[in-house]
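For reference, the structure discussed in these notes is given below.
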Amino acid sequence: MAGTVRRIFVEKKKGFDMEARALYRDLKDNLGITGLEGVRIINRYDVEGISDDEYAAAKKLVFSEPPVDLVWDEEMDFGEGSRVFAVEYLPGQYDQRADSASQCIQMLFHGERPAVRVAKVVVLQGSLSEEEFKRVREYCINPVESREASMEKPETLAEKPPVAEDVEVLTGFIKMSRGELEALAEEKGLAMSMEDLEF
């Protein structure tokens, strides 16, 4: 049903959790996080635009592989003392996992294509200082393509385009001296040479 956002958490069972084990080794070896005792990686899916029956079927056919995955609906206990953050693609970046899930659901039920949003939840177990936790987050989040995701479930997955600010009109710069123009270029972050600005 449109308007209802459902949340599902999917984690590989022990023995199949290769990505989590690789990240654990990476953080221990490359970042030197000595107090780290374990890492869990959970794929979090938010889906909007499907019925209860479609969701129940998609849980086993699209979002998870029952023999190798553990699944939780809506909420998940990450364990006492765990440090948790989530990573998602920036708006406009192509998310293959979300796109594939959405396409599969549409093909499975021959209906409208639902909205799907995916985040990777990283759970760190052990004794980490605030500084170490910050280093791990910065290491795992590539700001060119991704950002830290909110842990709150959204009310809708409909994209709200940002409201564009009015374009500032610069006046009086024709009478400015070179020094004043340099200050203006610095203040406004103008991407032109001084020669172009003077011209």
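Assorted remarks:
- A Cβ distance below 9 Å, combined with a sequence gap of six or more or placement on separate chains, defines the contacts here; from the range 187-199, residues that are on the phi > 0 side of the Ramachandran plot reach no residue that is part of a helix (DSSP H, G or I) and at pLDDT below 85.
- Set 165, 155, 159: member being touching a residue at least 40 places away in the same chain (Cβ under 8 Å), out of contact with any Pro (no Cβ under 9 Å at 6 or more places or on another chain) and not in a helix (DSSP H, G or I): 155
Rundown of residues vs (1) modelled with pLDDT of 90 or more; (2) open to solvent by 20 Å² or more (accessible area, probe 1.4 Å); (3) in contact with a strand residue (DSSP E or B) (Cβ under 9 Å, 6 or more places away or on another chain), yes/no style:
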{"residue": "3", "(1), (2), (3)": "no, yes, yes"}
{"residue": "36", "(1), (2), (3)": "yes, no, yes"}
{"residue": "39", "(1), (2), (3)": "yes, no, yes"}
{"residue": "43", "(1), (2), (3)": "yes, yes, yes"}
{"residue": "50", "(1), (2), (3)": "yes, no, yes"}
{"residue": "53", "(1), (2), (3)": "yes, yes, no"}
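- Residue check for residue 74: over 24 Å from residue 142 (Cα atoms), in contact with a strand residue (DSSP E or B) (Cβ under 6 Å, 6 or more places away or on another chain) and open to solvent by 40 Å² or more (accessible area, probe 1.4 Å): yes
- Residue 68 vs. criteria among the hydrophobic types (A, V, I, L, M, F, W, C) and touching a helix residue (DSSP H, G or I) at 6+ places or on another chain (Cβ under 7 Å): no
- Applying the criterion of being assigned to a loop (DSSP other than H, G, I, E, B) and farther than 17 Å from residue 98 by Cβ to the residues of the range 64-77, the residue that is farthest from the chain's Cα centre (by Cα) is 67.
Residues are listed down the side, and each one gets a yes or a no for (1) part of a loop (DSSP other than H, G, I, E, B); (2) within 17 Å of the chain's Cα centre (by Cα); (3) in contact (Cβ under 8 Å) with a residue 24 or more places away in the chain:
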{"site": "26", "(1), (2), (3)": "no, no, no"}
{"site": "43", "(1), (2), (3)": "no, yes, yes"}
{"site": "47", "(1), (2), (3)": "no, yes, yes"}
{"site": "62", "(1), (2), (3)": "no, no, yes"}
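- Here residue 105 clears all of (1) open to solvent by 10 Å² or more (accessible area, probe 1.4 Å); (2) of a type in the set (A, V, I, L, M, F, W, C); (3) farther than 30 Å from residue 24 by Cβ except the condition numbered (1).
- Across the range 78-98, the number of residues qualifying as assigned to a loop (DSSP other than H, G, I, E, B), out of contact with any Asp or Glu (no Cβ under 9 Å at 6 or more places or on another chain) and in contact (Cβ under 8 Å) with a residue 24 or more places away in the chain comes to 4.
- In a residue-by-residue description of the range 110-132, the property of being in a helix (DSSP H, G or I), charged (D, E, K, R) and open to solvent by less than 100 Å² (accessible area, probe 1.4 Å) applies to at least one position.
- Selection status of residue 143, part of a loop (DSSP other than H, G, I, E, B), without any contact (Cβ under 8 Å) to a residue 24 or more places away in the chain and under 26 Å from residue 36 (Cβ atoms): yes
- Residues in the range 7-22 that are open to solvent by 30 Å² or more (accessible area, probe 1.4 Å) and not acidic (Asp, Glu): 12, 13, 14, 15, 16, 18, 21, 22.
- Some residue of the range 161-172 being on the phi > 0 side of the Ramachandran plot and open to solvent by less than 100 Å² (accessible area, probe 1.4 Å): yes
The values are calculated or read from the model by the stated rules, or taken from the named source; none is laboratory data. Fair warning: this is a prediction, and the values are worked out from it, not measured in the lab. Cβ atoms come from the backbone with ideal geometry, glycine included; neighbour counts cover every protein chain shown. For accessibility, only protein heavy atoms count, side chains too; no ligands or nucleic acids. Shrake-Rupley method; radii C 1.70, N 1.55, O 1.52, S 1.80 Å.
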